[in-house]
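Worksheet: one structure, shown below.
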Amino acid sequence: MKADTHPDYHNVKVVMTDGTEFVTRSTWGKPGDTLHLEIDPKSHPAWTGGQQHLLDRGGRLSRFQKKFSGFLKS
């Protein structure tokens with residue numbers, strides 16, 4: 001096995017947008033550094049579902065539904 005192939009992991013403190021903190025092992029920064037997140041799973045719409053709605057006005061979604069509307073019907 002080759003020597004020095006793995007990165008150096010160390011403990012860093014992660015501070016989420018709501019102020020909660022936890023310690024994890026990472027290759028980011030130096031040992032003991034603090035990582036402040038701007039986007040995290042508690043606040044980002046990609047993980048929370050958000051308030052966005054899918055709006056399609058005759059675009060790709062409508063064409064797809066029209067093209068495959070009878071595909072699984074028996």
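Some observations on this one:
- Within the straight-line cut-off of under 20 Å between alpha carbons, the lysines reachable from residue 13 are 30, 42, sequence neighbours fewer than 8 places apart in one chain being disregarded.
- Only DSSP H runs of four or more residues enter the estimate; each adds -39500 (n - 2.57), and after division by the residues of the chain the mean residue ellipticity at 222 nm equals -3500 deg cm²/dmol.
- For the chain, averaging the sequence separation of C-alpha pairs within contact (under 8 Å, six or more residues apart) and dividing by the residue count gives a relative contact order of 22 percent.
- Here the chain exposes an accessible surface that is 54 percent carbon and sulfur, computed with a 1.4 Å probe and the other protein chains kept in place.
- One chain, two ends: residue 10 and residue 60. Fully extended at 0.36 nm per residue, the span grows by 13.3 nm beyond their Cα-Cα distance.
- Counting only protein heavy atoms and a 1.4 Å probe, the chain has 95 square angstrom of accessible area per residue.
- Selected from 12, 23, 39, residue furthest toward positive end of dipole (the chain; charges at beta carbon): 39
- Among [x] 16.3, 58; [y] 12.3, 38; [z] 22.5, 62, the entry derived from the coordinates for Rg and Dmax of the Cα atoms in Å: [z]
- Rough spin-label spacing in nm, given labels placed 7 Å along Cα→Cβ, for residue 20 and residue 46: 1.9
The values are calculated or read from the model by the stated rules, or taken from the named source; none is laboratory data. Computed from a predicted structure; not experimentally measured. Here the Cβ is made from the backbone with ideal geometry for all residues, glycine too, and neighbour counts use every protein chain on show. The protein model used for the area step is the full one, side chains on, heavy atoms only, and it has no ligands, DNA or RNA in it. Shrake-Rupley method; radii C 1.70, N 1.55, O 1.52, S 1.80 Å.
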